[in-house]
1. So which residues in the stretch 118-162 are open to solvent by 50 Å² or more (accessible area, probe 1.4 Å) and of a type outside the set (Lys, Arg), if there are any at all?
2. List the helices (runs of 4 or more DSSP H) that sit entirely inside the stretch 390-478 and contain at least 3 residues that are basic (Lys, Arg).
3. Looking at (1) under 22 Å from Tyr60 (Cβ atoms); (2) out of contact with any strand residue (DSSP E or B) (no Cβ under 9 Å at 6 or more places or on another chain); (3) open to solvent by less than 40 Å² (accessible area, probe 1.4 Å), can you tell me which one Ala216 breaks?
4. So is Ala290 open to solvent by 20 Å² or more (accessible area, probe 1.4 Å), at pLDDT below 95 and either farther than 28 Å from Ser188 by Cβ or touching a helix residue (DSSP H, G or I) at 6+ places or on another chain (Cβ under 8 Å) (or both) or not?
5. Can you find a residue that is open to solvent by less than 10 Å² (accessible area, probe 1.4 Å), in a helix (DSSP H, G or I) and under 20 Å from Tyr389 (Cα atoms) anywhere in the stretch 330-349?
6. What pairs can you find where one residue is in the stretch 277-293 and free of Cβ contacts under 8 Å to residues at least 60 places away in the same chain and more than 20 Å from Val324 (Cβ to Cβ), the other is surrounded by fewer than 24 Cβ atoms within 10 Å (Cβ to Cβ) and of a type in the set (Val, Ile, Thr), and their Cβ atoms are less than 7 Å apart, with a gap of 6+ or different chains?
7. Just checking: which of the strands (runs of 3 or more DSSP E) contained wholly in the stretch 228-325 hold 2 or more residues that are among the hydroxyl-bearing types (Ser, Thr, Tyr)?
8. Of everything in the stretch 301-319, what is in contact with a Leu (Cβ under 7 Å, 6 or more places away or on another chain) and either of a type outside the set (D, E, K, R) or open to solvent by 10 Å² or more (accessible area, probe 1.4 Å) (or both)? Give them in sequence order.
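The values are calculated or read from the model by the stated rules, or taken from the named source; none is laboratory data. Treat the numbers as computed from the prediction; the structure is a model and nothing was measured. Ideal geometry is used to build each Cβ from the backbone, glycine not excepted, and the neighbour counts take in all protein chains shown. Quick note on the areas: whole protein, heavy atoms, side chains included, nothing else; ligands and nucleic acids left out. Shrake-Rupley method; radii C 1.70, N 1.55, O 1.52, S 1.80 Å.
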Amino acid sequence: MKKNFIYVSLLALFALGGCEKELTQVPFNSISSNNAFVTESDFINAIRGAYGALRGASYYGGEDGGAMSSTPDILSDNLIINSQGRKSQQTFFNFNYTADDTWGLWNNAYTTILRANYILENINKLSDGTFKSNVKAEALALRALAHFDLLRTYAKKYIGATDSDLGIPYVTSTDPTLLPSRDLLKKSYDLVVADFVAAKTGIAINNGVGRMHKAAVEALLGRVYLYMGQWQNCVSESTSAITDAPAANALASASTFPSIWLDQSEKDVLFKVNFLDPDNITIGVGYGQASPAGVKPEYSVDYNLFTLYNNNDVRKNAYIGQTVFNGFNFNYVKKYSGRASGNANVVDYKVIRMGEVYLNRAEANYNLNTAPSITSALQDINTLESNRYTNYINKLLVGQALGNEIQLQRRLELAFEGSRFYDLKRQGLAVSRSSFGDRADGTGLAAAITGIPANSPKFQLPIPTFTINGNPNIQQNP
């Protein structure tokens, strides 16, 4: 019988179609998967490795070549490419991406999936108990998260999809000889849901910073249900997340909120990817670089978005900075500029926050459109806003005014967190950029490409050519 051998370098390069090889003899610089998963310590190291894959250079640890922190906002209407910057990610901003020049998320996400699958394939080597259940649940949740990120990037939106629309290969094996084709979109989403549902039954209430826990899984599952238009399920999971969240991760107050972005508080943060100074993973570089001459912005905050933040909104100063560079005033994204002390542009990436959970539940309740659900939606919006605005007075909103407020607050709350492009896509809306320029007062260089129409094929990014070449069973997007 052949055995699989784990190579750290090959795990990092894994893509469908296969970089990993099967060998019949044990090489001196590898270990058999039979020997790699024996003790609880082995599984702890393995789950750390699976979380570590989220830090990939085109995933949550990305900067210039495509990154969850910036690319979905660059693809939307939140940003204007800055005339003084390096023109990083200009291909995305101008919607000129091709299969030969596309986001490398595909490879990074499947690395996460591979590492999770190694754990799941060996999990029964552990004795039954809470340790086994928890590690298994974490691996299932990571596998679901990575597949979901792939789906919302490379596949069509779920709402309105046909039974023949393609999703992505949902991979549950480490067998390097497999050349899977794309599963159907609806099946792919069902498998994401199944993994998250299985994960929440076994995961711990609190696994510590940088690892998922029960409330994080429930919050992510609520997000998936929102994308699927399954409103009641979204409400139920979001409510569970709010109820089950450790006190340390509860909704942040207006006074605490700014400290989240300096990694001085875990309030609001249900799950994040940790980055330490020695890692030298500078996710903030994708938005700008500090210099003696001022911050050099890669992208400016669109002036239309900037004016939507009121002066009593604590998010305005937490998210946006002002700089003078080469004699021009710019509004730049300072959300990832770094901690109060330490290396510039090194800060943890927040994957799911409590603020989003309240917004997800509010939107789902609004779409249920019953008298009790509308009341609940308004309560959630007032709860969120009372923790984001100083001297806040509760609003009384009904009908479309409430729906508009939910979407406004979603844009303001989740700006520059990899949400906006996906929100427009899942709602079947166009990317429609303003005519403002890149300077702080709205003058300067405006976007040459003002957007893409609703349901444009550009909402499905092309799958990388090397993936298609390695696995001819994968069908490219139009």
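1. Within the stretch 118-162, Glu121, Asn124, Ser127, Asp128, Thr130, Phe131, Ser133, Ile159, Gly160, Thr162 qualify.
2. Once the helices (runs of 4 or more DSSP H) in the stretch 390-478 are filtered for at least 3 residues that are basic (Lys, Arg), what remains is 420-426.
3. (2)
4. Yes, satisfied.
5. Within the stretch 330-349, none of the residues are open to solvent by less than 10 Å² (accessible area, probe 1.4 Å), in a helix (DSSP H, G or I) and under 20 Å from Tyr389 (Cα atoms).
6. none
7. Counting at least 2 such residues, we get 299-301.
8. Val301, Leu308, Tyr309
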